[in-house]
1. Given 0.36 nm per residue, what is the gain on full extension from Thr274 to Lys385 after removing their alpha carbon distance, in nm?
2. Report, in debye and to the nearest 20, how large the dipole of the stretch 221-264 comes out about its Cα centre when Lys and Arg carry +1 and Asp and Glu carry -1 on their Cβ.
3. Can you sort Arg381, Arg340, Arg243, Arg111 by solvent-accessible area, 1.4 Å probe, largest first?
4. Per residue, how much accessible area does the chain have with a 1.4 Å probe, in Å²?
5. Mind jotting down the distance between the C-alpha centroids of the stretch 1-62 and the stretch 188-208, whole Å?
6. Can you work out ³J(HN,Hα) from phi for every residue in the stretch 392-401, in order, using Karplus 6.51 cos²θ - 1.76 cosθ + 1.60 and θ = phi - 60°, giving whole Hz and x for Gly and Pro?
7. Could you state the orientation-averaged shadow area of the convex hull built on the Cα atoms of the stretch 54-145, in nm² to one decimal?
8. Can you give the FRET efficiency for Glu160 and Val454, using 1/(1 + (r/R0)^6), R0 = 30 Å, r = Cβ-Cβ distance, to the nearest 0.05?
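The values are calculated or read from the model by the stated rules, or taken from the named source; none is laboratory data. This one's a predicted model, so the numbers in the text were calculated from it and none came from an experiment. Cβ coordinates were reconstructed from backbone atoms using ideal geometry, including for glycine residues, and neighbour counts include every protein chain displayed. Accessible surface areas use protein heavy atoms only, side chains included; no ligands, DNA or RNA. Shrake-Rupley method; radii C 1.70, N 1.55, O 1.52, S 1.80 Å.
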Amino acid sequence: MSEDWTDALPESARAFLEGRRLDEVECIISDLPGIARGKAVPASKFAKQKYFHLPDSIFYQTITGDWGEAADANEGFIERDMILKPDMSTATAAPWTGDWTLQVIHDAYDRKDRPVACAPRNVLRRVCDLYAKQGWQPVVAPEMEFFLVARNIDPAKSIEPMMGRSGRPAAARQAYSMTAVDEFGPVIDDIYDFAEAQGFEIDGITQEGGAGQLEINLRHGDPIKLADEVFFFKRLIREAALRHNCFATFMAKPIAEEPGSAMHIHHSILDIETGKSIFTGPGGGETDAFFHFIGGLQHHMPAAIAVQAPYVNSYRRYVKDHAAPINLEWGRDNRTTGIRIPLSTPEARRIENRLAGMDCNPYLGIAASLACGYLGLMEERRPSKQFKGDAYEGEGDIPRVLGQALDLFDEAKELHDVLGPEFARVYSIVKRTEYEEFLQVISPWEREHLLLNV
């Protein structure tokens, strides 16, 4: 890194530092759950380093901090060092810190300068590269749903909605209410301020159907750039909430009897040469590619659910009439279907995957969704007939528990080839370790209803 490396910073980062002295740089990478791992280093040291090391074992760690036995079968668990190189285009402010700090996302390589297969950002890049080889550029727009809840420091207690500025707890069934949004005004103001300091463009904030549930829409763009933003946004939103004595949670289903939180993903695909959507023909009609992408989602998503719904809690979200899909029907402007075609002009035609939970790793969730669409395009797979009516009246055709989802994932060799066989191997082992940990826990429901009755 040269001494004038700050000249290469994105405009938003340079604006954040204007007239100020940079103190620290957080060198970060996403692990499998989407937690930022890395090191904080003085700015003077960062200016002199071209890379740093972290052990590859961060990708073998479960959400509880345990370890999946995912090491190389031949060499065992030796915790190799990865070489982490900064992507300076991701440099952005950490405006909640007490000093002037930047965050920089790094990419992971092995000692032979090959991308580490288990690194989530590398998984997404692998999928995008497959599209590029076909002359296609995928474009995505994620929607982020989350809850603002009262501080909860005792896991044995139920999660409760936060207190709004009126002094009353947030109420459910206030979807799109501006009054409900105003209740969280101070938190939302900080979210906007932090986002502006980081150079992120928010397309809108709305109140969702749950008590204290909000949604942030992001502008469409490059999948890796948008996944970076969701990765950054999760931290940003948590920090904004903590300033106001509440928690932000991205659990798929944090409160019983309330809707869950999704990360809906809108997709369109451009022809690299023409810059036009491959979903729209010369006369503005829908192309074969449009239907093949839908067919790919329908056929391959059951196996990809383990990536888009990565925890036992994730499956509590798929409940009839609670704003989450229970099947993979597709329909036009129909929010009861798992695959929705929103209203749009022919030029902006897109396909929305409503299955992914907000608890998924954004790199992996987007990668899995694009992988299913890619397989549909390559296989020229036709979808089922368009669904009309209430899809909740139909039968569910997605896994209902994590164990079943992992069984389908393990059998999906075509999906593994797109995401990467080594990633698929490690991911399955880590998630099965988590699932087995969960099965050792006895729940309050079991104690209440089984202790004296069976």
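1. On the way: separation 111, 0.36 × 111 = 39.96 nm, distance 3.04 nm.
Between Thr274 and Lys385, full extension yields 36.9 nm more.
2. Working: 6 positive and 6 negative charges, 33 e Å.
Computed charge dipole of the stretch 221-264: roughly 160 debye.
3. Details: Arg381 70, Arg340 20, Arg243 130, Arg111 180 Å².
My answer, sorted largest first, is Arg111, Arg243, Arg381, Arg340.
4. On the way: 20740 Å² over 454 residues.
Result: 46 Å² of accessible area for each residue.
5. Centre-to-centre (Cα) distance: 23 Å.
6. Here the 3J(HN,Hα) series is 5, 7, x, 8, x, 9, 10, x, 9, 9 Hz.
7. Values: hull surface 38.1 nm².
Convex hull of Cα atoms, orientation-averaged projection: 9.5 nm².
8. Working: r = 31 Å, r/R0 = 1.04.
E between Glu160 and Val454, to the nearest 0.05, is 0.45.
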